[in-house]
Amino acid sequence: MGEMNVSEQASIAEATDELTYEEKIAFCNGIAKPMAPKKLAKKCYKLIKKANQQKTYVRSGLKDVQTRIRKGEKGIVIFAGDVSPVEVMCHLPGVCEDKDIPYVFVPSRKDLGAALNVKRGCLVVLIRPNSDYEEAYNELKEQFTTLPVAL
């Protein structure tokens, strides 16, 4: 996918409200691997909503997540797969691998933002472990590590 201007991105963002999971995947960039299957993506959104109730356990946004990972914070990372231009975040999966942080991609930044209860989209979310959602967190962490990374 080439460079998009702002109006094209806005029209895609509006269109993603009505798109199916499979259609949203069509807008994803080339590095969006491993991509969460539909069921796993729903579990990710659910965990984000639950973790967001304890504000200090969710980090969102490119700069904040990047800084926290580099400072040694642990957790699981969820990336949006439809980020354009991809260069803004293409280094982060490598950083996660270096720090042994499991990560996964979901198809839509708009859905990621909705799970955080913000009107705008979100590129990346770091969820830290907490006893309030420990079971769901551990289940997702386990599933992230077993996903195949097909290139």
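The values are calculated or read from the model by the stated rules, or taken from the named source; none is laboratory data. Quick caveat, the model's predicted, so the values are computed rather than measured. Here Cβ is always computed from backbone atoms with ideal geometry, including for glycine, and neighbour counts include all displayed protein chains. The area values use the complete protein model at the heavy-atom level, side chains included, leaving out ligands, DNA and RNA. Shrake-Rupley method; radii C 1.70, N 1.55, O 1.52, S 1.80 Å.
Results for (1) open to solvent by 10 Å² or more (accessible area, probe 1.4 Å); (2) assigned to a loop (DSSP other than H, G, I, E, B); (3) at pLDDT below 90; (4) among the aliphatic types (A, V, I, L, M), shown as yes or no for each residue.
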| residue | (1), (2), (3), (4) |
| --- | --- |
| M4 | yes, yes, yes, yes |
| Q9 | yes, no, yes, no |
| E23 | yes, no, yes, no |
| V104 | no, no, no, yes |
Problem set entry | Number of positions in the stretch 29-62 that are within 18 Å of D82 (Cα to Cα), open to solvent by 60 Å² or more (accessible area, probe 1.4 Å) and in a helix (DSSP H, G or I) | 2
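Take E18 and decide whether it is modelled with pLDDT of 85 or more, charged (D, E, K, R) and open to solvent by 80 Å² or more (accessible area, probe 1.4 Å).
When the stated conditions are applied, E18 does not pass them.
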Exercise. Any idea which residue in the stretch 41-92 is farthest from L126 (Cα to Cα), counting only those that are without any contact (Cβ under 8 Å) to a residue 24 or more places away in the chain and of a type in the set (K, R)?
Worked result: K42
Problem set entry | Residue in the stretch 81-102 that is modelled with the lowest pLDDT, counting only those that are surrounded by 15 or more Cβ atoms within 10 Å (Cβ to Cβ) and in a loop (DSSP other than H, G, I, E, B) | S84
Exercise. Is it true that some residue in the stretch 70-80 is of a type in the set (D, E), in a loop (DSSP other than H, G, I, E, B), open to solvent by 10 Å² or more (accessible area, probe 1.4 Å) and touching a Lys or Arg at 6+ places or on another chain (Cβ under 9 Å)?
Worked result: yes
For this session: Go through the stretch 106-138 residue by residue and tally those that are open to solvent by 20 Å² or more (accessible area, probe 1.4 Å) and not in a helix (DSSP H, G or I).
Result: 9
